[in-house]
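Accompanying notes for the structure given below.
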Amino acid sequence: MKISAPITASLFAIALTVVSPAQTTAKQDMKNAGSETKEAAKDTGSSVAKATKTTSRKVKNGTKKGVHKAASATATGADKVKEKTQ
């Protein structure tokens with residue numbers, strides 16, 4: 001009795017699948033999880049740093065604009081008072 005080639009190939013593939021060990025072990029899984037956690041922490045840290053820089057820059061510019069606007073209003077008010085007293 002002759003076994004056909006496709007059946008032989010299928011049996012050989014199944015045998016290799018059953019015999020070959022698992023690709024990753026529990027130890028490797030833990031290492032991968034640790035590395036992924038580390039990378040996630042780095043990404044979070046850089047995002048926080050970027051947000052902090054952006055926020056501080058916008059606060060600085062807003063404060064500067066407010067100070068200049070107040071100074072301009074004070075100068076205008078002073079000029080009006082000066083005109084009224086003369």
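Some notes on this structure:
- What the phi angles of the stretch 42-47 give under the Karplus curve with 6.51, -1.76 and 1.60, with θ = phi - 60°, is a coupling list of 4, 4, 5, x, 5, 5 Hz, glycine and proline written as x.
- Estimated FRET transfer efficiency when R0 is 30 angstrom, pair Lys31-Lys58 (beta carbons, to 0.05): 0.15
- Available extension along the chain between Lys69 and Ala51 is 3.8 nm, counting 0.36 nm per residue and deducting the alpha carbon span.
The numbers here are math on the coordinates, done by the rules we state, and not lab data. Fair warning: this is a prediction, and the values are worked out from it, not measured in the lab. Backbone-built Cβ (ideal geometry, glycine too); neighbour counts: all protein chains shown.
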